[in-house]
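Right, one structure below, let's go through it.
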Amino acid sequence: MDGTTEPIIAVIGHPIAGNPSQFALERALASMRRDWRVLSFDVKPNDLAVALLGLEVLGVQGVLLDRALAREASRGSELTAAELQTETTFDCFYRDGEKRDGLIGFDAQKAWMTGQIEDHLENNKDVASCAVCVIGQIDCDLNTWLPEVCRERVTYLLRDDAEQFESETIANAGIVLIGKQALETAIMDWDDWMLANASALVIDFTDGYPLTERLAQSGRRVITPEQRHVGTLCQAMQKWLIDSPPTDVIHDAIEEYMAV
C-alpha cells in the first residue's frame with residue numbers, strides 16, 4: 001500500500017434511506033473519471049454539529065446535507081458561522097485552503113435558484129417580470145434568495161385561511177413560488193392558474209405540486225423539486241471539484257433511482 005486515499009464526499013440525511021444523492025454523485029464522478037468515494041450517513045439533527053466536526057478532522061473533502069438538516073447546520077456548526085454570517089442555511093460544505101482550513105459552509109440550492117431567477121429576469125426585462133407571488137408557505141429567506149430588484153415586490157397568497165386568492169396578484173406576477181398550503185386553505189384550480197402570465201417563472205417548493213407538469217405543458221417555465229435537486233448537486237460538485245459536472249448524468253441517475 002502506498003498510503004494514499006481517494007477524496008471522500010459525505011452525504012448526510014435523516015432519514016437517509018430513499019435519498020438518491022449518493023447514487024447520482026457516484027454516476028457523475030464516474031462520468032468525469034474522478035476517483036472519489038461517496039458515503040452516506042444517517043445523522044440526527046442534535047448530532048449534526050459533532051458529525052460535521054468529525055468529518056472535518058477526518059479530512060473529508062466535501063459534505064452534502066439533506067435540506068431538512070440544512071438550517072440546523074448553520075445553527076449548530078462552529079466551522080463556518082464566523083466566516084459566513086450572512087448565510088442562514090448550509091446544505092453543502094467544501095474545502096478551500098486559501099479561505100480557511102477545514103470545511104466551509106455554502107447554500108448550494110440557493111446559489112442555483114438565484115441563478116435561475118437572474119436568468120429569467122435577463123430574458124424578460126419588462127417591469128412585471130420582477131413581481132413575485134408566493135402561494136402558501138415556503139421555508140427560505142427571500143431577502144437572500146431574490147435579486148434586490150424583486151425584494152420590494154413580493155405578495156403572499158393562501159398562507160392560511162385569512163389570505164384569499166387574488167386573481168390580479170397572480171396575473172401581474174413574473175415569478176410565482178409555490179409553497180405548502182394548509183389542508184383547509186382553498187387550493188388553486190386550473191382556471192386560477194390560467195390567469196398567470198404566460199412568461200412567468202413558476203418554482204415548486206413543495207414535494208410535488210399536482211399541477212406542475214400541466215403548467216410546464218402550458219408553455220410556462222417550471223422548476224420542479226427534481227430540477228432543484230439536480231441543480232443543488234451541480235452547485236455542490238462545482239465547489240468540490242472546481243469543474244462543471246454533467247447535468248444530464250445527474251438527472252438520469254436520480255430518475256433511475258426513483259423508478260426502482
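The values are calculated or read from the model by the stated rules, or taken from the named source; none is laboratory data. This is a predicted model, so every value here is computed, not measured. No Cβ is skipped: glycine too gets one built from the backbone with ideal geometry, and neighbour counts run over all protein chains shown.
Descriptive notes on the structure:
- Residue count, the range 214-253 (criterion: assigned to a helix (DSSP H, G or I) and either among the polar types (S, T, N, Q) or over 16 Å from the mean Cα position of the chain (by Cα) (or both)): 15
- Odd one out for Arg214, checked against (1) of a type in the set (Lys, Arg); (2) in contact with a strand residue (DSSP E or B) (Cβ under 6 Å, 6 or more places away or on another chain); (3) not assigned by TED's automatic domain parsing to the domain that holds Met32: (2)
Yes/no matrix, rows are residues, columns are (1) farther than 20 Å from Ser129 by Cα; (2) in contact with a Phe, Trp or Tyr (Cβ under 8 Å, 6 or more places away or on another chain); (3) not β-branched (Val, Ile, Thr):
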residue	(1), (2), (3)
Ala196	no, no, yes
Thr206	yes, no, no
Leu211	yes, yes, yes
Arg214	yes, yes, yes
Cys234	yes, yes, yes
Pro245	yes, no, yes
Ile250	yes, no, no
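- Residue check for Leu233: at pLDDT below 90, among the hydrophobic types (A, V, I, L, M, F, W, C) and either on the phi < 0 side of the Ramachandran plot or in the same structural domain as Glu98 (by TED's automatic domain parsing) (or both): no
- Subset tally (residues that are of a type outside the set (A, V, I, L, M, F, W, C) and part of a helix (DSSP H, G or I)) for the range 119-159: 9
- Positions within the range 12-29 being surrounded by 13 or more Cβ atoms within 10 Å (Cβ to Cβ) and either under 18 Å from Asp252 (Cα atoms) or outside the structural domain of Ile242 (by TED's automatic domain parsing) (or both), in sequence order: Asn19, Pro20, Ser21, Gln22, Phe23, Ala24, Leu25, Glu26, Arg27, Ala28, Leu29
- Subset of the range 131-145 [closer than 22 Å to Ala198 by Cα and at pLDDT below 90]: Ile135, Gly136
- Filtered residues of the range 193-213 (kept if over 20 Å from the mean Cα position of the chain (by Cα) and in a helix (DSSP H, G or I)): Trp193
- Lone qualifier among Ile138, Ile104 - being under 20 Å from Ile170 (Cβ atoms), within 18 Å of the chain's Cα centre (by Cα) and touching a residue at least 24 places away in the same chain (Cβ under 8 Å): Ile138
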